[in-house]
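Quick notes on the structure that follows.
The values are calculated or read from the model by the stated rules, or taken from the named source; none is laboratory data. This structure is a prediction, so every number in the text was calculated from the model and none was measured. Heads up, the Cβs are rebuilt from the backbone with ideal geometry, glycines too, and the neighbour counts pull from every protein chain shown.
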Amino acid sequence: MENENKLKIILGIVYLSIVTGFLLLFFSYFSFDDFSSFELIKNNRDKLNDIKNSNLLIASLLFFIGVIIWVLLLGFGSPVFLVGGFVFGKWIGTILIVFGLSIGATLLYICANYFFKDLIKKKFSSKFSNLTEKFKKNEFTFFLIYRFVGGIPFFISNILPTLFNVKISNFFFGSVIGMTPQLFVGVSLGAGLNKVIENNQELPSVFDIILTPDIFVPVIGMIILVLVGFIIRKKFYK
């Protein structure tokens, strides 16, 4: 038992070291200016489209694997679903993002359940004790609601279910179904940004961008989902 605990600690430290190294490497190569320069985004868009058009299957597979790794390294969801829509469009992008995030989240949940369960219980059990009985009543249904309403940072939402001993199959399928609505809206927003860049040589005003149908419709959809999620969340976390 003691040797098993030592192994868990060592593997946990290795995992956290990899995460820290990834974050340092990422921010040493990219700055916020890289994501705000219209010209840079437009040029990179053309390069990404060339890669995608040369071999869609390989590009999709690499992106899919990248999404899984991103989630495992504690990445949050917003960048990847915007990139997914931006590069692959809303339909293929949604499929890649939904399953990539769900698989990555499930693997992260398994790791957290094995290595950090005691730590997670110590930090969060008192705050979310009211949900324990709900999950015992109908685990899949309540996990589905948990995924749909959101309201918790993506990384935290992937490890909290260790408090409720959620089955791996329920975690995966609940993630796929529960996250699809908001991910589809987010991916559609990324696809809309792609069209805005394609149709403009210079960066339009924020007002013009928002009124573009490819942006306006997903934004309205996102607002509706946020409002519905807020109403359900008020009852769910009561």
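Side notes on the structure shown:
- Only a single criterion out of (1) closer than 17 Å to residue 156 by Cβ; (2) modelled with pLDDT of 85 or more is not satisfied by residue 62, namely (1).
- Filter result for residue 12 (at pLDDT 80 or above, in a helix (DSSP H, G or I) and surrounded by 13 or more Cβ atoms within 10 Å (Cβ to Cβ)): no
- A count restricted to region 88-135 and to residues that are at pLDDT below 80 and small (Gly, Ala, Ser) stands at 3.
One line per residue, one yes/no per condition, for (1) of a type in the set (A, V, I, L, M); (2) loosely packed, with under 14 Cβ neighbours inside 10 Å; (3) modelled with pLDDT of 70 or more; (4) touching a Leu at 6+ places or on another chain (Cβ under 8 Å):
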position	(1), (2), (3), (4)
179	yes, no, yes, yes
196	yes, no, yes, no
205	no, yes, no, no
210	yes, yes, no, no
217	yes, no, yes, no
231	yes, yes, yes, no
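- Residue match in region 60-74 (condition: in a loop (DSSP other than H, G, I, E, B) and closer than 29 Å to residue 162 by Cβ): yes
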